[in-house]
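Peer 1: The structure is given below, and queries will be raised subsequently.
Only the coordinates and a few stated rules stand behind these numbers; no lab work does. The model shown is predicted, which means the values in this text are computed figures rather than measured ones. Here the Cβ is made from the backbone with ideal geometry for all residues, glycine too, and neighbour counts use every protein chain on show.
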Amino acid sequence: MPTPSHSQPIPTTWFSRCATAVAPDLLGCWLVRRFPNGLIARGLIVETEAYTPNDPAMHAYRRRTARNSVMFGPAGITYVYLIYGMYHCLNVVTDQDGTPSAVLIRALQLDPIPTWIDLKRDKPHRIAAGPGKLCRALQIDLNHTAQPLVPERGLWLEHRTPQFQMDLERGAIAFTQTTRIGLTQGVELPWRWYLPDCNAVSKK
DNA sequence: TACGGGATCTGT
DNA sequence: CAGATCCCGTAA
């Protein structure tokens, strides 16, 4: 899918809405990474999850702590955490300042594939399939938490192409909404969205 | 200070 | 389906 040269970073105000509104709106948008060596890779966002206040699966559900405090801040900031001691997960903080919530970015279709990634290990469309794998592929770790999503930090978001937006409005593309993955709490909440027929999306 | 679990992924 | 591996939240 072509990327228009006129794309601008999505402004922080766009994220100042309920996570359940932002999560589907992020499908078809682009996560853009500029690596330390200067290479720029784009990932089409194909799977997201919303985490809201009063949501038992949300990391700040019990109380505000050092780790989750960024989710209480203004929207449009990254929230990255380490899980199972080996993988990182990337969220974008949403909603009003003071309202803890975020959207987890779960899967991307990456283009181009960075040259240093071992293609024998994975099919190209599986390189960024999963929240841990996309952070590994894009070299996102705890250094990237609590950062604004701007080119100056090497990580930002861009809106859908006009083509994607048209296909969506015409009904040629439709999203699937269902329950979230890998949780022990809030299992029944249907706050995962994905592009069907996309082989980077989590199974289940 | 100690302990156990987790919004994951991989290889068996 | 178990193991890797470490930070953080909770209890003491």
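Peer 1: For segment A:12-194, what is Rg from Cα atoms divided by 2.2 N^0.38 Å, rounded to two decimals? Walk me through the intermediate numbers first.
Peer 2: Details: Rg = 15.7 Å, N = 183, 2.2 N^0.38 = 15.9 Å.
Working it through for segment A:12-194, the quotient is 0.99.
Peer 1: Once both labels are modelled 7 Å past Cα along the beta-carbon direction, what's the A:Ile83-A:Arg34 spacing in nm?
Peer 2: Those two pseudo-labels are separated by 2.9 nm.
Peer 1: PRE reach from A:Arg153 (point 7 Å along Cα→Cβ): which of segment A:81-111 fall under 15 Å by backbone N?
Peer 2: A:81, A:89-95, A:102-105
Peer 1: If the chain between A:Thr65 and A:Lys204 were fully stretched, how many nm would it gain, using 0.36 nm times the residue separation less the Cα-Cα distance? Before the final figure, lay out the partial values.
Peer 2: Working: separation 139, 0.36 × 139 = 50.04 nm, distance 3.20 nm.
Additional length available on full extension: 46.8 nm.
Peer 1: Length gain on complete extension for the stretch A:Glu188 to A:Gln165, per 0.36 nm per residue less the alpha carbon to alpha carbon distance? Numbers along the way, then the final one.
Peer 2: Numbers: separation 23, 0.36 × 23 = 8.28 nm, distance 2.98 nm.
Gain on stretching A:Glu188 to A:Gln165: 5.3 nm.
Peer 1: Can you tell which of A:Gln147, A:Gln177, A:Gln185 shows the greatest fluctuation in a Gaussian network model of chain A with Cα springs below 10 Å?
Peer 2: With Cα springs under 10 Å in chain A, the top fluctuation among A:Gln147, A:Gln177, A:Gln185 is at A:Gln185.
Peer 1: Something else: In whole angstrom, how far apart do the alpha carbon centroids of segment A:160-204 and segment A:77-96 sit?
Peer 2: After rounding, the separation between the Cα centres reads 19 Å.
Peer 1: Name the most mobile residue of A:Glu49, A:Glu158, A:Glu169, meaning the one with the largest mean-square fluctuation, in a Gaussian network model of chain A with Cα contacts below 10 Å.
Peer 2: In this elastic network of chain A, the residue with the biggest mean-square fluctuation among A:Glu49, A:Glu158, A:Glu169 is A:Glu169.
Peer 1: How large is ³J(HN,Hα), in whole Hz, for each residue of segment A:100-113 in order, when computed from phi with the Karplus curve 6.51 cos²θ - 1.76 cosθ + 1.60 and θ = phi - 60°, using x for Gly and Pro?
Peer 2: x, 6, 6, 10, 8, 8, 9, 7, 10, 9, 8, 7, x, 6
Peer 1: Given springs between every Cα pair under 10 Å in a Gaussian network model of chain A, which of A:Arg170, A:Arg42, A:Arg192 has the largest fluctuation?
Peer 2: A:Arg170
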